[in-house]
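A.B. asks: Take this structure, written in structure tokens, and hold onto it; I'll ask about it next.
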Amino acid sequence: MLAKKAPGIKSSEVTPRKLYLNRREFIAGSAARAAYAATNPLFSRSLVIERQDASAAASAAPQVPQKPAVAKRGEFTPPDERNTPYADATGYTNFYEFSTAKRDPAVLARNFRTRPWVLSVEGLVKAPRSFAIDDLIRLFPLEERIYRWRCVEGWSMVIPWIGFPLAEFIKKCEPSPSAKFVEFTTLFDPEQMPFQKTKVLEWPYLEGLRLDEAMHPLTLLAVGMYEEYLPPQNGAPIRLVVPWKYGFKSIKSIVRIRFIEKMPKSAWMKARPEEYGFYANVNPFVSHPRWSQATERRIGEDGKRKTVVFNGYEAEVGSLYSGMNLKRYY
Ligand SMILES: Nc1nc2c(c(=O)[nH]1)N[C@H]1C(S)=C(S)[C@@H](COP(=O)(O)O)O[C@H]1N2
Ligand SMILES: [Mo]
């Protein structure tokens, strides 16, 4: 068994990685499906109930629960911002695994399977381990954080995320003192994610943070938005949210978090190193080579707004970069 038990989690609830990796096979074939049912308590329960009635199955099946229980609200909420309409935040998305066209992931990701889902922790930690997503969600009190959200392409939103501080998760992982960076990886599954069959990026999507950025209280692992669990197109079942950086840092649908010594090369750094750096802090004074970053279009509004350094979070995060040349470290 690869999964190491988290405190308070029954080992029977942790999906073995082998089964998780084979899920396409067991969903495709009924023999394999039965074999899986025999070993996975959640799945076998749903199979039994399926034969009884559909509504009971709906409540017992290993599906995404409808409403996350939010324990804490309001921290870091910007005082005079209005939430972007839900339809825009979930209908206009960047998720290149599904499509490079922003209206398409909402449609193409509709049947994306987010259960079972395992997040593994690897690299420079006391002990590598993995978490079944629903166990992970239960480990931390969920908070609502309303954040400004700025894409490098020039649009912005305000999104009420639901999640827990990445710092809390990292503490649980017990990284060793030699860990200096955290690397995040998205699921690789070209059968489900059609654009992973193209070469628009090097797959799987990969991102990273310096450990102190990762530990900052603003940095969130989000599992929900607008009072609900994340829809697939926004990065279900778990994604990063780093509000002072351009949106591409906030990697979706994470399956692996790795603690490492050297700065990782993100998917965007590999694709276009002169355009996308490791830091990607929102900065109106550093232009993208092909366009200015001085203004932004707030989705749902007419006209343009002036972009603010660190997306308005300078008071909180400015000290992380004191003494650094932000034109060089873009
Ligand atoms: N795996 C993955 N994560 C990703 C992306 C992606 O294409 N694949 N796009 C990024 C970009 S460019 C942005 S702007 C944000 C968009 O998040 P949203 O669609 O939830 O607003 O997700 C980021 N995370
Ligand atoms: Mo973006």
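A.B. asks: Taking amide H positions as placed 1.01 Å from N in the peptide plane, with prolines and chain starts having none, which residues 5 or more places from Met225, or on another chain, fall under 5 Å of its amide H?
C.D. replies: Here the answer is Ile162, Leu230, since their amide H atoms fall under 5 Å of that of Met225.
A.B. asks: OK, next. Could you tell me what percent of the accessible area of the range 183-311 is made up of carbon and sulfur, with a 1.4 Å probe and every protein chain present? Show your work: numbers first, answer last.
C.D. replies: Values: 2610 of 4880 Å².
Ligands and nucleic acids excluded, carbon and sulfur reach 54 percent.
A.B. asks: In whole angstrom, note down how far apart the Cα centers of the range 111-148 and the range 210-286 are.
C.D. replies: About 15 Å separates the Cα centre of the range 111-148 from the one of the range 210-286.
A.B. asks: Indicate the gyration tensor shape class of the range 69-116 (rounded, prolate or oblate), computed on the Cα atoms with a ≥ b ≥ c the square roots of the eigenvalues: a/c under 1.5 is rounded; otherwise a/b larger than b/c is prolate and the rest oblate.
C.D. replies: Details: a/c = 3.09, a/b = 1.59, b/c = 1.95.
Taking the square roots of the gyration eigenvalues as a ≥ b ≥ c, the range 69-116 is oblate.
A.B. asks: Decide, for the range 270-330, between rounded, prolate and oblate: order the square roots of the alpha carbon gyration tensor eigenvalues as a ≥ b ≥ c, take rounded if a/c falls under 1.5, and otherwise choose prolate if a/b is larger than b/c, else oblate. Working shown, then result.
C.D. replies: Working: a/c = 2.31, a/b = 1.22, b/c = 1.89.
Oblate.
A.B. asks: Could you pull the accessible area for Glu261 with a 1.4 Å probe, rounded to 10 Å²?
C.D. replies: Roll a 1.4 Å probe over it and Glu261 shows about 120 Å².
A.B. asks: Given a 1.4 Å probe, how much area per residue of the range 118-233 is accessible, in Å²? Mind dumping the intermediate values first?
C.D. replies: Details: 3670 Å² over 116 residues.
Computed with neighbouring chains in place, this is 32 Å² per residue.
A.B. asks: Quick one: which residues, 5 or more positions from Val152 or on another chain, have an amide H under 5 Å from its amide H? H modelled 1.01 Å from N in the peptide plane, none for Pro or chain starts.
C.D. replies: Gly247, Phe248
A.B. asks: Okay, next question. Using a ≥ b ≥ c from the Cα gyration tensor of the range 72-192 (square roots of the eigenvalues), is it rounded, prolate or oblate, where a/c under 1.5 gives rounded and otherwise the larger of a/b and b/c decides, a/b for prolate? Each step should come with its number before you reach the end.
C.D. replies: On the way: a/c = 1.87, a/b = 1.27, b/c = 1.47.
Here the range 72-192 falls in the oblate category.
A.B. asks: I would also like to ask the following. Provide the per-residue ³J(HN,Hα) series for the range 260-271, in order, calculated from phi with Karplus coefficients 6.51, -1.76, 1.60 and θ = phi - 60°, each as a whole number of Hz, with x at glycine and proline positions.
C.D. replies: 9, 8, 9, 4, x, 9, 6, 4, 6, 5, 5, 6
A.B. asks: Still on this structure, please answer the following. Using packing as a proxy for protection, rank 209-215, 290-296 so that the peptide with the highest average count of other Cβ atoms within 10 Å comes first. Don't jump to the answer; show the numbers that get you there.
C.D. replies: Values: 209-215: 19.0, 290-296: 14.3.
Going by the mean number of other Cβ atoms within 10 Å, highest first, we get 209-215, 290-296.
A.B. asks: Can you send over the solvent-accessible area of Arg113, 1.4 Å probe, protein chains only, in Å² to the nearest 10?
C.D. replies: 70 Å²
A.B. asks: A follow-up question, please. HN-Hα J couplings of the range 180-187 from phi, Karplus 6.51/-1.76/1.60, θ = phi - 60°, integer Hz, Gly and Pro as x?
C.D. replies: In residue order, the calculated couplings are 10, 9, 10, 10, 10, 10, 7, 3 Hz.
A.B. asks: Cα-Cα pairs above 13 Å in the range 219-263: how many percent?
C.D. replies: 58 percent
A.B. asks: 5 Å is the cut-off here: which amide hydrogens, built 1.01 Å from N in the peptide plane, fall below it relative to His288, excluding neighbours closer than 5 in sequence?
C.D. replies: Gln293
A.B. asks: Considering only protein heavy atoms and a probe of 1.4 Å, how much of the accessible area of the range 110-155 is carbon and sulfur, as a whole percent? Before the final figure, lay out each step's value.
C.D. replies: On the way: 820 of 1630 Å².
Carbon and sulfur together cover 50 percent of it.
The values are calculated or read from the model by the stated rules, or taken from the named source; none is laboratory data. Everything numeric here is computed off the predicted structure, so don't read it as measured data. Note that we place each Cβ from the backbone using ideal geometry, even for glycine, and neighbour counts take in every protein chain shown. Ligands, DNA and RNA are stripped out before the accessible areas are found, and what is left, the full protein with its side chains, is counted by its heavy atoms. Shrake-Rupley method; radii C 1.70, N 1.55, O 1.52, S 1.80 Å.
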